[in-house]
Amino acid sequence: MQRLLLPVTSFLSGALVYGIAGVLGLWLMHVAGNVPTFWPANGLMVVLILTLGINQIGFALAGATFGGLVVQWFLQSGPMGLALTASDLTEVAIVVLAAERLRLTRSGLETVSSIVALVGILSIATALSALGAAATLAWFRDIDYAESLLTLWRLNAVSALIILAPYFALVRPGWTKQLRAAFHDRGKQRIPEYLAIVGVLISSVLIMRDVNVSMISFFTVPLLSCAIRYGPPATAVTGSILSLVIILLLVAGEWPSASSTLSLGSQLQRIELALSFNTIPPLFVAAAVAGLQRAARELKQSQQRLRYALAGSGEGVWDWCIANNQTYFSDSWYAILGYQRHELEETVATWDLLRHPDDTAENRRRIQDHLEGRTPRYSVEQRFRHKNGHWIWVLDRGSVVEFDADGRPYRAVGTLQDISRRRARQDELDRRAHHDPLTGLANRAALSDSFEKWSAEGRSFCFLLIDLDDFKPINDRFGHQFGDHALLAIADRIRACLGKDDVAARIGGDEFALLIQAPDADAEIAAKRLIERISEPIGFAESVVTTGASIGIARVTDGAPDFESTYRLTDIALYDAKAAGGSTYRKADATTYTDRGRPQIQAPASALPALTGEGPAD
């Protein structure tokens, strides 16, 4: 039962709307002396079907056909009436299907294309309807085909425009909210302004009627004002009501005629044509203005989203006009550096003023690479001086967004982000990955990297391997806390014996390694000094201990072996020093190599027991 309710409702609604609207149109025609004046039936049927839903078009048209037959039966028009009804419903079906296809019900007539679509649909549909109706009248009543064609086309087109323009402007979802927004500007009521426009229109109509002067073109100015201020809905409703009032006044004989010799039909044709040209342009203007306002709202929303996103990400924005070196810095850009907007000039020189001198060359290289098209974007991590005086790490990135007529970069836009915390975490991770956690010296991996780097650069340097003598008993007797304290003290003493470019590393429990950029003689002097310093007493709480150091030295020059081979060679010299009683050093013999670059190691006799595990231990 419920499934039949909507089809039955559609059928009955179609019959009532078409029947009642048809009777109204025929009555106006009778009042005008049998001159077609205003035919609301077709437009109202379109409104009904689109309101019920496109799937109800068949039931609604069937109901309209039934309503038309009832009206024609009372008029006793016979087959002619049926043919005229068919012409009307053909127009209705074309408009409904085309409007649904082009989604005019969702447009709100807020785009120029939707206005063009509406005018085009109505022009074509009403022309086809007029062709059928004119042929019917010519066949049954012998009325001139050309004359009736123009009259019926004008009647259908103007009537449909008066009804459907407001409908399509108002049917869009959310139109009430839009209309309220149009009548409120930042909390200011704009209703009095609209009432003033309506007052001007009413006064103009009354004045023209009283002085017997018809100036339809005068209404263009108030309608354009309405279009600019209030948008398509208010413009469509106002224009349609104005047109309908003037048509009804003309039918009632209350509107001035341009010539006393013109028939009412000719006057209607002129007036309705003038009203169409008077109503449609403001709709185009309203749509264009609505498009601009929509674009402005979308731009504002986009700017707000970008501002919120940048605020959430902690990024500042910069805009650089490359042609004149003028820049724009956002408030968040200044905030990252601790400044207020008025405290720094918005020029490229500000960047150079704040940038760390050591980062200038790399920054300029990356900018140049991007400006010359070698990289898709500019990105660099660099240091800027904060207002408080300390340096902060920032990620500065951007890209060219505009080019001049010659294809040269004209404008670039980018962001600035404070990455000091990230750099600090990264530095901490790097430190842990490349440094001994107890002493802070480099670890084995970092030592190997430095060795390979120095070798690749062709440096000549010495590799020293240090092993503490008799350190294990210290741990066993005094505990690991004392042992750690001793290792820290020894690490500090090792640092004190090195140059600024030398590398010190802890590579085992009580084993250290050094890279010293010095000739053999200086390396030996350094070894002696290290043995002396390491042998100095170490105090902790109320205890004092001493330890010694055995050192192996290997010379690294061009063509030297890799890190592991050098380490093994130096380790042999180290155990030779331990075999000699400790607290001394020995130099490795690395003068002979295999074809593959491996050393042919001729170990001293004193080192052999150590290699077999039979030598002295700590």
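The values are calculated or read from the model by the stated rules, or taken from the named source; none is laboratory data. Treat the numbers as computed from the prediction; the structure is a model and nothing was measured. Cβ coordinates were reconstructed from backbone atoms using ideal geometry, including for glycine residues, and neighbour counts include every protein chain displayed. The protein model used for the area step is the full one, side chains on, heavy atoms only, and it has no ligands, DNA or RNA in it. Shrake-Rupley method; radii C 1.70, N 1.55, O 1.52, S 1.80 Å.
Inside region 207-242, residues that are part of a helix (DSSP H, G or I) and either at positive phi or not β-branched (Val, Ile, Thr) (or both) make up a count of 22. Residue 505 fulfils the conditions (1) open to solvent by 30 Å² or more (accessible area, probe 1.4 Å); (2) within 25 Å of residue 432 (Cα to Cα); (3) of a type outside the set (Val, Ile, Thr) except for a single criterion, (1). I'd like the residue in region 311-342 that is surrounded by fewer than 18 Cβ atoms within 10 Å (Cβ to Cβ) and assigned to a helix (DSSP H, G or I) and, out of all such residues, is farthest from the chain's Cα centre (by Cα). For region 311-342, the residue satisfying everything is 342.
Cβ-Cβ distances below 7 Å connect the following pairs, each with a first residue in region 26-38 that is closer than 21 Å to residue 275 by Cβ, a second residue that is open to solvent by less than 50 Å² (accessible area, probe 1.4 Å) and outside any helix (DSSP H, G or I), and a separation of six or more residues or different chains: 28/37; 28/38; 29/35; 29/36; 29/37. Restricting attention to region 450-484, the residues that are loosely packed, with under 14 Cβ neighbours inside 10 Å, under 60 Å from the mean Cα position of the chain (by Cα) and assigned to a helix (DSSP H, G or I) total 5.
Selection of helices (runs of 4 or more DSSP H) fully inside region 54-147 by the criterion of at least 2 residues being β-branched (Val, Ile, Thr) and under 45 Å from the mean Cα position of the chain (by Cα) returns 79-101, 112-140. Residue pairs whose Cβ atoms lie under 7 Å apart, separated by 6 or more positions or on different chains, with the first residue in region 343-354 and free of Cβ contacts under 8 Å to residues at least 40 places away in the same chain and the second surrounded by 15 or more Cβ atoms within 10 Å (Cβ to Cβ) and polar (S, T, N, Q), are 344/350; 346/327; 347/327; 348/327. Based on this model, can you work out whether residue 612 counts as modelled with pLDDT of 50 or more, β-branched (Val, Ile, Thr) and open to solvent by 20 Å² or more (accessible area, probe 1.4 Å)? So residue 612 fails the test. If the condition is being farther than 28 Å from residue 236 by Cβ and of a type outside the set (Gly, Ala, Ser), then region 108-148 contributes 136, 137, 139, 140, 141, 142, 143, 144, 145, 147. Filtering 563, 540 for residues that are among the hydrophobic types (A, V, I, L, M, F, W, C), within 15 Å of residue 477 (Cβ to Cβ), surrounded by 13 or more Cβ atoms within 10 Å (Cβ to Cβ) and touching a residue at least 60 places away in the same chain (Cβ under 8 Å) leaves a single hit, 540. Determine whether region 13-24 contains at least one residue that is among the aromatic types (Phe, Trp, Tyr), part of a helix (DSSP H, G or I) and open to solvent by 80 Å² or more (accessible area, probe 1.4 Å). Within region 13-24 (the criterion being among the aromatic types (Phe, Trp, Tyr), part of a helix (DSSP H, G or I) and open to solvent by 80 Å² or more (accessible area, probe 1.4 Å)), the answer is no, since none of the residues qualifies. Whether a residue is among the β-branched types (Val, Ile, Thr), without any contact (Cβ under 8 Å) to a residue 40 or more places away in the chain and outside any helix (DSSP H, G or I) was assessed, and residue 401 passes this test. Put simply, of 110, 91 the only residue that is among the acidic types (Asp, Glu) and touching a Leu at 6+ places or on another chain (Cβ under 8 Å) is 91. A Cβ distance below 8 Å, combined with a sequence gap of six or more or placement on separate chains, defines the contacts here; from region 195-211, residues that are modelled with pLDDT under 90 and open to solvent by 80 Å² or more (accessible area, probe 1.4 Å) reach residues that are of a type outside the set (A, V, I, L, M, F, W, C) and not in a helix (DSSP H, G or I) in the pairs 209/254; 209/256; 211/256.
All conditions in (1) open to solvent by 10 Å² or more (accessible area, probe 1.4 Å); (2) in a helix (DSSP H, G or I); (3) touching a strand residue (DSSP E or B) at 6+ places or on another chain (Cβ under 7 Å) hold for residue 518, with the sole exception of (2). Each residue in region 1-50 was checked for being polar (S, T, N, Q), within 25 Å of residue 245 (Cβ to Cβ) and under 50 Å from the mean Cα position of the chain (by Cα), and 1 pass.
Residue 372 meets all of the listed conditions (1) closer than 30 Å to residue 487 by Cβ; (2) under 34 Å from the mean Cα position of the chain (by Cα); (3) not aromatic (Phe, Trp, Tyr) but one, namely (1).
Hey, can you tell me all the residues within region 157-181 that are closer than 18 Å to residue 102 by Cβ and assigned to a loop (DSSP other than H, G, I, E, B)? Result: 171, 172, 173. Taken over region 27-52, the criterion of being loosely packed, with under 15 Cβ neighbours inside 10 Å and at pLDDT 90 or above is satisfied by 27, 51. Of all residue pairs spaced 6 or more apart or on separate chains, those with beta-carbon atoms under 8 Å, a first member in region 440-452 that is without any contact (Cβ under 8 Å) to a residue 40 or more places away in the chain and a second member that is open to solvent by 10 Å² or more (accessible area, probe 1.4 Å) and assigned to a helix (DSSP H, G or I) are 445/433; 445/434; 449/434. Residue pairs whose Cβ atoms lie under 6 Å apart, separated by 6 or more positions or on different chains, with the first residue in region 493-506 and more than 13 Å from residue 465 (Cβ to Cβ) and the second in a loop (DSSP other than H, G, I, E, B) and of a type outside the set (Lys, Arg), are 501/517.
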